[in-house]
1. Where both partners of a DSSP beta bridge lie in chain B, what percent of those bridges are antiparallel, to the nearest 5?
2. Here are some pairs, B:LYS236/B:LYS267; A:LYS267/B:LYS236; A:LYS236/B:LYS267; which of them have Cα atoms lying more than 22 Å apart in this structure?
3. Using the alpha-carbon atoms, what tilt in degrees (0 to 90, nearest 10) does helix B:143-158 show relative to the longest principal axis of chain B?
4. How far is B:GLY140 from itself in the other copies, in nm, if each label sits 7 Å out from Cα along the Cα-Cβ line, shortest first?
5. Could you identify which residue out of A:LEU330, A:LEU249, A:LEU229 has the top mean-square fluctuation in a GNM of chain A using Cα springs shorter than 10 Å?
6. How far, in nm to one decimal, is B:ALA36 from itself in the other copies if the label point is set 7 angstrom along Cα toward Cβ? Shortest first, please.
7. So what are the three principal axis dimensions of the protein assembly as shown from its Cα atoms, in whole Å, longest to shortest?
8. Go through the stretch B:240-248 residue by residue and turn each phi into a ³J(HN,Hα) via Karplus (6.51, -1.76, 1.60, θ = phi - 60°); whole Hz please, and just put x for glycine and proline.
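The values are calculated or read from the model by the stated rules, or taken from the named source; none is laboratory data. Here the structure is a predicted model, which is why all the values come from computation and not from measurement. Here the Cβ positions follow ideal geometry from the backbone for every residue, glycine too, while neighbour counts run over all protein chains shown. The accessibility values were calculated without ligands, DNA or RNA, using every heavy atom of the protein model including side chains. Shrake-Rupley method; radii C 1.70, N 1.55, O 1.52, S 1.80 Å.
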2 protein chains.
Amino acid sequence: MLRDVYVIGIGQTPIGEWWDKGLRLLGFEALKAAIADSGIEKPDALFVGNMLAERLSSQAHLGPLLADFAGWRGIEAATVEAACASGGAAFQAGVRAIASGMAETVVALGVEKMTDGMGDGSILSGLATAADADYEIMHGVTFVALNALMMQAYMREYKVPHENFAPFSVNAHQNAVNNPNAMFRKEITVEKYLNATMISPPINLLDSSPICDGAAAVVLASGDALRNLPDAARIKVLASASATDSVSLAERHKLLEAEAIKASADKAYAMAKLKPDDIDVFELHDAFSIMAALSLEGCGFAAPGHGTDMACDGEIALGGRIPVCTMGGLKARGHPVGATGVYEIVDVITQLRGAAAANQVKDAAIGMSQNIGGTGATVVTHIFAREG
Amino acid sequence: MLRDVYVIGIGQTPIGEWWDKGLRLLGFEALKAAIADSGIEKPDALFVGNMLAERLSSQAHLGPLLADFAGWRGIEAATVEAACASGGAAFQAGVRAIASGMAETVVALGVEKMTDGMGDGSILSGLATAADADYEIMHGVTFVALNALMMQAYMREYKVPHENFAPFSVNAHQNAVNNPNAMFRKEITVEKYLNATMISPPINLLDSSPICDGAAAVVLASGDALRNLPDAARIKVLASASATDSVSLAERHKLLEAEAIKASADKAYAMAKLKPDDIDVFELHDAFSIMAALSLEGCGFAAPGHGTDMACDGEIALGGRIPVCTMGGLKARGHPVGATGVYEIVDVITQLRGAAAANQVKDAAIGMSQNIGGTGATVVTHIFAREG
């Protein structure tokens, strides 16, 4: 990065089933909150992370639609799509607009409206577009079934029982209780997890993140722009890194070594000149509990096959070695797919600002977010540091 | 831009109705051609311009899908969407990846498969997602009808007869004859234009670009990367600029002053330190002939209401003051929507390399491309210069 990039504003809507709000209003609420938090009036550019609007809301072209509705008509705006990693990829586009010297302030917005679609097709066929249409979906597999295949292989290969995944969901729900923006603000027990409705074996309802609506936004600024904003909260972007893998699971080199998770994290560590031990808080992508385990392993927090051990040993809790899903994660805060990457960043920034209240990770100075698209085909990793 | 960015490779498929080829194969053919032309083996990142795959091919997540199929598994990849300006916006993402110091080589690919969709919905409802779903499309207007409204207003306001638009289509078809990648390689006459089937008055079949399939790709490199590529053709990116307007026509400040066209062009001229007179060749966005007139006016080549005069006076021909659509434009080369912005850039680069054969614009040294999304809600303008 040829210039320093800072996060100076965050905003979000509560995640839920917003039957009375469309994409435009959800996106606007997050933009309004983030811009008010930042102290600027209007950014130079807007990048929108979204996956499903074209199918479910019959609305492409969200960049100008939301820029205009926010009162910023004329600014540059575009949508960035990388399935469920769209939010992280939109944030990365914002980082580059500033780092390239082509913008001073940018807003990255993630917005998704998964309920109440007016467009063609169901939410399940929409989510399936994250997988390989020709080699996977055409043959009848759903997106959750692809994750179930990975989880089955994991349990068999590493001899891990299903109950060892329970602590991921228990931790996420516990942390969501104190997050007013979370969808499921209630604790669950291991017993409830083990008895949850089966969806696609071994994935049950409490292994899965919900179908929901929400929007989150982040305001980025250059160091130069910050000179005019002496009061702005400033969190520095230390690393912004993406990597990819085959979209189709069958084409992976090894089913349980998510190469893009590792490549993206390694690139981020190298950019930030940090190692896993330096990370104080980690917002990972627990779309299904299996992805939480693979993320911890790929990022170097646990050896292959030992991601669930970390969860079972309490290392992922707020007071643990590497707290994850500190505001509820995808499981309990919610997973409005194209918005999730920005929610993860909002949660990391909240921690680094020391603003997480009852969920505050003590002395959190360095935070990481990781946004995963498909079954690991796109992975976007960001590392942030509190300044001063 | 904090670093210089060059175009070192171009590739394209012929545009047409490719009933035997899907997105993956079309995209791959363009990538293969561009990378062979560039002299590099693998880029650091791939940005895909696409609008309709999620609806028509039930395939999102094109970044990793195409990176993997090209043999580049692991590299960063994402899709950029801005309706019909997706290709230009993807190219701009590539410019920034390099200008920010975060990549040395990048491929921008535009790919669209409009025929033979396996997904939900028709091509017309797909194209309509470029407009405002709530305020335009819900009420029954189609995308061509929105353009027809602009053309009606133009003809009435400026007292311009329909036949004055004919030279745009005649010029485009004439230039397409010599382009082996063009969809319609045949000349048309003013008489044929005037008698063409009416679609949405006053727009007839020969005012309109076709529904088609195609892919085009461009390889970008930093100045540092070029030091290892002494034989690479090098065209410098002088400017990369975007602007937006309301998506809905009814919300525009003035219907016939496309503010985003002007804002985007003015920003590009300022970045390049050039004025309209300096441009030798201009690949504009003639999705409908009305857009060609508005583009010439907004970019400062003609006064408001006089865009068609330029066409009638032969100033847009290959030997004219400002040649446009030199390889056939959207009208006759073809308009595979999300790919078009990259095709425009490929055509400009072809001219600046002096490789346009029978269609070569004499002494072309500075070229401009302008990619328009919706009825002018997103406009992306690029200016290029031949080096040496």
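1. Once the DSSP bridges in chain B are tallied, antiparallel ones form about 70 percent.
2. Distance filter (> 22 Å) returns A:LYS267/B:LYS236; A:LYS236/B:LYS267.
3. It is inclined by approximately 60 degrees.
4. 4.3
5. A:LEU229
6. Nearest to farthest, the other copies are at 5.8 nm.
7. 79, 46, 45
8. Each residue of the stretch B:240-248 in turn: 9, 9, 10, 8, 10, 9, 4, 6, 6 Hz.
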